[in-house]
Amino acid sequence: MTDYTPGPANGARIQKDGEKWTLVLVRELRHSPEKVWRALTDPAQLREWAPFDADVSLGTAGTTVKLTWVDRNMSLDTTVRRAEALKVLEYGDIRWELETLGAGTRLTLWHSIDRRYIAMGAAGWHVALDVLNHLLGESPIGRTVGPEAMKFSGFQQLHAEYAKQFKE
């Protein structure tokens with residue numbers, strides 16, 4: 001991984017629905033919805049930035065996908081519940097929404113995470129989305145997830161900032 005320091009913790013919030021907690025993270029990208037959609041659905045591109053590998057494309061509703069989480073060496077089969085190209089993608093406990101923003105995309109992630117780990121999840125997704133942004137801009141910095149993400153300068157500060165925002 002090249003020299004990389006994450007920006008400040010922003011664009012995130014948490015919401016509670018009963019006993020369920022959801023991280024909501026919004027990122028404005030300079031890249032088209034078409035380009036972002038491919039990065040969210042194509043297994044080859046997911047291997048470059050996401051915290052999991054997918055054995056098949058996530059781009060078709062009803063598809064069963066095996067997701068292998070890199071940092072936990074854990075796999076699970078899930079079904080793509082919703083795949084509206086360039087708009088919405090839902091599978092497992094994750095939902096993505098894409099909205100055209102000028103020539104770019106406003107990307108919103110909803111991810112249900114155990115409340116005890118939500119700030120860590122926010123920091124991890126923050127880094128993953130930075131890596132995605134570099135990949136889409138054709139200046140890849142390499143997938144950085146799980147324990148690997150925690151090793152570089154700035155991660156602990158990012159985690160602390162999210163924890164403070166979420167009052168953990």
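We did not get these values from a lab; they are worked out from the coordinates using the rules stated. Predicted, not measured: the structure shown is a model, and the values here were computed from it. Here the Cβ is made from the backbone with ideal geometry for all residues, glycine too, and neighbour counts use every protein chain on show.
A simple charge model with +1 on the Cβ of Lys and Arg, -1 on the Cβ of Asp and Glu and nothing else charged puts the dipole of the stretch 1-123 at about 260 debye relative to its Cα centre.
The candidate values are (1) 17.6; (2) 16.1; (3) 18.6; the one derived from this structure for Kirkwood radius over Cα pairs in Å carries the label (2).
Counting only lysines at least 8 places from Lys167 when in the same chain, those with an alpha carbon closer than 25 Å to its own are Lys16, Lys20, Lys151. Here the residues Asp93, Asp42, ranked from fewest to most Cβ neighbours within 10 Å of their Cβ, fall in the order Asp93, Asp42.
Sorting Tyr4, Tyr91 by the number of Cβ atoms found within 10 Å of their own Cβ, with the fewest placed first, yields Tyr4, Tyr91. Here Lys87 is the anchor, and the aspartates and glutamates within straight C-alpha reach of less than 13 Å, apart from those fewer than 8 places off in the same chain, are Glu34, Glu97, Glu99.
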